[in-house]
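Colleague: Please read through the structure below; I'll follow up with questions.
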Amino acid sequence: MFYWWMKQVLVGPLLRLMFRPWTRGVGNVPSEGGVILASNHLAVIDSFVLPLVLHRKVQFLGKSDYFTGTGIKGRVTAGFMRGVGTIPVDRSGGKASEAALNTGLRVLSDGEMFGIYPEGTRSPDGRLHRGKTGVARLALESGAPVVPVAMIGTGEAQPIGKRIPKPMRIGIVIGEPLDFSRYRGMENDRFILRAVTDEIQYAIMSLSGQEYVDIYAATAKARLAAGKKVAAPATGTRAPGGREVPEVQVPEAPSDPA
């Protein structure tokens with residue numbers, strides 16, 4: 001009850017006031033049953049802002065460290081993470097990916113919504129990166145539809161390294177559900193997993209208008225930390241799966257009424 005009160009009475013109104021989120025396509029989210037929300041990832045606040053605009057509960061995974069802190073700060077952080085529906089998972093061990101997959105499957109089997117970032121980590125440069133195939137395995141094993149999501153402006157509100165985001169309008173664009181039932185039972189085929197993942201990333205790219213680079217976000221982050229440049233997309237790999245770049249731009253917020 002305390003965490004429900006925190007989300008409904010304290011966290012939600014505060015975040016709405018700070019970010020005044022605008023939306024497109026909220027009606028594309030199925031009203032019932034297990035659903036995978038696959039989103040780009042620009043800032044920590046993504047997992048807090050997206051649930052604000054949905055009528056259903058959505059759960060994301062979060063580092064277990066967020067829930068094990070000590071003192072007042074540790075308890076407040078743990079309470080906040082639970083209040084916004086974050087599920088703790090240990091991502092330090094060798095079986096971390098399996099634990100994350102099983103957690104997602106459990107949420108989906110309960111008929112709930114599970115949020116996932118196919119890039120695996122925040123984009124270090126604002127571009128969309130190669131997706132990890134865990135989202136494809138989750139979709140094929142659960143049979144749940146995948147709803148692509150584009151977060152707009154959250155990276156500007158909270159750049160990497162900035163703990164406290166600045167108040168500004170951000171957007172959430174939600175696409176039509178993707179059905180991968182034709183691949184059911186093929187979750188161990190790495191070529192199928194890559195094709196499904198690329199299709200999901202292409203859908204996200206079509207919503208967000210981001211530039212795509214065909215390397216993992218973690219690799220790009222390591223290169224930037226080492227003072228190296230991340231190469232621009234090469235011809236033929238400008239979009240996931242080697243597709244042509246969709247003719248879209250980064251969506252903008254609707255004009256405020258006078």
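Since every read-out is calculated from the coordinates, none of them should be taken as a lab result. Because the structure is predicted, anything quoted here is derived from the model rather than measured. Using ideal geometry, Cβ is built from the backbone for each residue, glycine included, and neighbour counts are taken over all protein chains shown.
Colleague: Using label points projected 7 Å from each Cα along Cα→Cβ, tell me how many nm separate Glu98 and Ser181, to one decimal.
Modeller: 3.1
Colleague: Using label points projected 7 Å from each Cα along Cα→Cβ, tell me how many nm separate Glu244 and Ser109, to one decimal.
Modeller: Here the modelled spin labels are 4.4 nm apart.
Colleague: Please turn the phi angles of the range 48-59 into ³J(HN,Hα) values with the Karplus equation 6.51 cos²θ - 1.76 cosθ + 1.60 (θ = phi - 60°), one per residue in order, whole Hz, x for glycine and proline.
Modeller: Those phi angles translate into 9, 7, 4, x, 4, 9, 9, 8, 10, 6, 10, 10 Hz.
Colleague: Still on this model: Between Thr121 and His55, what is the label-to-label distance in nm when each label sits 7 Å out along the Cα-to-Cβ direction?
Modeller: The answer from the label model is 3.8 nm.
Colleague: Beta carbons within 10 angstrom, averaged per residue: use that to sort the peptides 202-208, 147-153, 171-177, highest first.
Modeller: Peptide ranking by packing, descending: 147-153, 202-208, 171-177.
Colleague: To continue, here is another question. Using the 10 angstrom Cβ neighbour count as an exposure proxy, how do Val196, Val213, Val248 rank, fewest first?
Modeller: Result, fewest neighbours first: Val248, Val213, Val196.
Colleague: In debye, nearest 20, what is the charge dipole magnitude of the range 106-202 about its Cα centre with +1 on Lys and Arg Cβ and -1 on Asp and Glu Cβ, if you could check?
Modeller: Here the size comes out at about 460 debye.
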